[in-house]
Amino acid sequence: MTRKPTPDANEQLSLLGRAPLAPPPAPPAEPAPTAPRVYTVTEILRAARLTLESRFAEVRVEGEVSGLKRSGPGHLYFSLKDDEAALDCVLFSREAARLKFTLEEGMAVRCRGRLTLYEARGRFQMSVADIEPTGAGALALAFEQLKARLGAEGLFDPARKRPLPFLPRRLGVVTSPQGAVVRDIIRVAHRRSPVPILISPAPVQGEGASLAIASALRRLEVVEDVDVIIVARGGGSLEDLWAFNEEPVARAIVGCRVPVISAVGHETDFTIADFAADLRAPTPSAAAELAVPIAEDLRAELALLQRRGGRALAESVRAARHGLERLRGRLGDPRRLLDERRQRLDESIERGRRVLVRRLGAARADLGACEVRLHRAHPQRRIVEQRAALAAARHRLEGALRPALVTRRHAIEAACGKLEALSPVRVLERGFSLTQRADGRLVKSASDVAPGERIQVRLRDGVFGATVDAAPKDDKSKDPKGQG
């Protein structure tokens, strides 16, 4: 592997756009001419990158975002364009994670960064360190983007809002333990009613405050007797209130099992927590007034309701008593009514008894008639008669079948004698035999076999095999056509 020639100082300076050094004094003798310097691609691109980065170390460029792409690690690639040109830009994930808003296609932005050259592809680009929108501020834009996204998910739906409890058993408060907010809430709440208050402290400003507020909410909602929670903070700028504009706080409020009151800033301040909460209060003191009713007002209202209930109950009793008197006048003397009902009951019993006696007499007469008919048709008598008839029929049948059986028996015996006389076994007993070929066919003529063919000869007491030795000859003495 050969080492590439290293450019001298004048060549490096010329590549960086700087004036070369003064040449040394010429030697007395004129040197021999040298070949022109040949640079590698890497050397040229590296020199151009160094020149760009040294000349444009920090620039600010305004334009419209075009061709926005997000890589797997979270790097953002896009172009800044105006009416006549476009500049490739890259925003690495570490800077992209610090953005307060979501970069979108077509957004007008101002980018701060340095111009550089991506040597691997020889591409001129800008490495962006920070971006801010040129129209609305970055925080205002981030607020509107998050509000639109969470609203599309239904987190701000009015149908999801829950009513506050009439009189909470315990009031939960998420705020900073220092400051006037927590003291105002405690003072206003205890002045209205002695409701227990549970403070879940959390920082309300600075890095990581949103996660701390969400965690404080979750700590309070697991307490069984906490019926309502106030998320509170005093007034401030948009940057000071930004912890309540982040997604973890909004989702913690929506996921809380008890109603949440948002009391962040002053009456003119609106945060994402205000839209996600079940109720928004203009100030922390107003939140305490909304959550805790006045005990004296409750006692006065209870006394008023008690008086109204007593008067309504007395009126109901009086009306019921009048109605009872009217019904008693229409009903009459109950003893007379009972005597009439007893007399009607006695008459009904007497009529029923007479009907029952009459029906029992008719049933007894029907039962006697059934007994007579049953005796006449007793099964024992019928069985005796049927047995006699069966014996007579059997006698007649046997008399008719006997001659026919004798005649059939004689015919069968005659047929057996004829069959025995014609049986092949009887023929074999007289000395005859049966000759069969290998396939089981009978040999009826000498021409049915050939020399060397295997045959079987069946006698009376067994079977043996044989082989034809010579061709058979016709027996002319037995053929009528062969006689001379």
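Points worth noting:
- In the chain, the longest principal axis of the Cα atoms and the axis of helix 209-221 are about 50 degrees apart.
- As a rough guide to protection, the peptides 201-211, 300-310, 272-282 ranked by mean Cβ packing within 10 Å, highest first, stand as 272-282, 201-211, 300-310.
- Unit charges at the beta carbon, dipole of the range 348-481: most positive-side option, Val384, Val372, Ala400: Val372
- When Rg and the Kirkwood radius Rh are both evaluated on Cα atoms of the range 427-469, their ratio Rg/Rh stands at 0.97.
- Net charge dipole size for the range 179-252 [Lys, Arg +1 and Asp, Glu -1 on Cβ; Debye, nearest 20]: 360 debye
- Axis of helix 295-331 versus longest Cα principal axis of the chain: the two differ by about 40°, to the nearest ten degrees.
- Cβ-based exposure ranking for Phe92, Phe166, in which fewest neighbours within 10 Å come first: Phe166, Phe92
- For the range 75-132 versus the range 372-422, the gap between their alpha-carbon centres in whole angstrom: 122 Å
- The angle between the Cα long axis of helix 180-192 and the longest principal axis of the Cα atoms of the chain comes to about 70 degrees, rounded to the nearest 10.
- Among 177-188, 404-415, the order from most to least packed when residues are scored by Cβ within 10 Å on average: 177-188, 404-415
- For Asp269, Asp461, the sequence from fewest to most other C-beta atoms within 10 Å is Asp461, Asp269.
- Dipole of the chain [Lys/Arg +1, Asp/Glu -1 at C-beta], most positive-end residue of Ile230, Ala120, Ala159: Ala159
- Neighbour counts of other Cβ atoms within 10 Å put Ser193, Ser237 in the fewest-to-most order Ser237, Ser193.
- Binned Cα-Cα distances of the chain, short to long, each 10 Å bin given as a whole percent: 3, 9, 10, 7, 7, 6, 5, 5, 4, 4, 6, 10, 11, 8, 3, 1, 0, 0
Coordinate-derived values only; no laboratory data. Treat the numbers as computed from the prediction; the structure is a model and nothing was measured. All Cβ positions, even for glycine, are placed from backbone atoms using ideal geometry, and neighbour counts span all protein chains on display.
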